[in-house]
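One structure is given below, encoded as structure tokens.
The values are calculated or read from the model by the stated rules, or taken from the named source; none is laboratory data. What you see is a predicted model, and the numbers here were worked out from it, not measured in a lab. Because the Cβ atoms are built from the backbone with ideal geometry, glycine has one as well, and the counts that use them run over all protein chains shown. Quick note on the areas: whole protein, heavy atoms, side chains included, nothing else; ligands and nucleic acids left out. Shrake-Rupley method; radii C 1.70, N 1.55, O 1.52, S 1.80 Å.
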Amino acid sequence: MTALQAVALAAAGLVAGTTSAMAGGASLITFPVLLAMGVPPLAANVTNTVGLAPVVVGTALGSLPELRPQRARLIALGPPAVGGALAGSALLLSTPSEVFEAIVPALIALSCALLLAQPWLVRHTLRAGRGRRRLLAQASTFVVGVYTGYFGAASGVLFLALVGLLSAATLHELNASKNLLVGVANAVATVIFAVVAPVEWPMAAALAVGALLGGGIGVRLVRRVPGPQLRTAIALVGLAVAVRLAL
């Protein structure tokens, strides 16, 4: 890795960390940069995951005001996120990726449609019993964990779309819990990839420096954006990811 590549990756990590904290879709920025530098797809995927792992530190510290009232939600959804990440990482390292990669754009586009329809859908899904909503939210978080461990692009959008349908929390509160839970799933995948996957460590380190700073910046910026506008922005980012992956 050259010095110029290190600077470019740190800058990409900074933008990606900020985007991830505000809306999601960080991999839309960093994964193509790694590919453009000649990193093979599998190595780029795991290097990207490892490099973006520090985002959770910046976002968690910056989101403490929104996270404190959500302790019960985080305790309930944490184990499914970790379990899903373990399963997704195992799938990535043990099975061909062609089939899953083929359906990823459709999954992301569907999650964006759900997110845009969230206000209307919440009025109906919240009629379900509290216990049932909790089980559905845990199942949804497990799915997000699997997706995060396997590929991860727009996993935050998927979390907001699925779990948001089952929660009466504000979008800003859900965004804070998304940052922590998806970050934890990403950290679990990072530990696995660090041991058994072909991580390009100098490149991952350059990404990590920028991502750590960007995560802290993003959580401060997101508080200035009203809920409806934030929802639309997140959906647009997710659709951009879907189009990029489809192409």
Residue among SER97, VAL15, VAL39 farthest towards the positive dipole end of the chain, charges placed on Cβ
VAL15
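How large is the charge dipole for the chain, taken about the Cα centre, if only the Cβ atoms of Lys, Arg (+1) and Asp, Glu (-1) carry charge, to the nearest 20 debye?
Details: 15 positive and 5 negative charges, 235 e Å.
Dipole of the chain, to the nearest 20 debye: 1140 debye.
Scanning the chain for helices, which whole DSSP H stretches are 27 Å or more long along the axis (Cα) and average 0.0 or more by Kyte-Doolittle?
3-22, 71-94, 98-116, 171-196, 201-222, 227-246
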Average silhouette area of region 139-212, convex hull of alpha-carbon atoms, in square nanometres
5.3
Could you state the accessible area per residue of the chain in Å², with a 1.4 Å probe and every protein chain left in place?
44
Could you run the Debye sum over the Cα atoms of the chain, one equal point scatterer each and no solvent, and tell me log10 of I(q)/I(0) at q = 0.09, 0.11 Å⁻¹, two decimals?
-0.33, -0.50
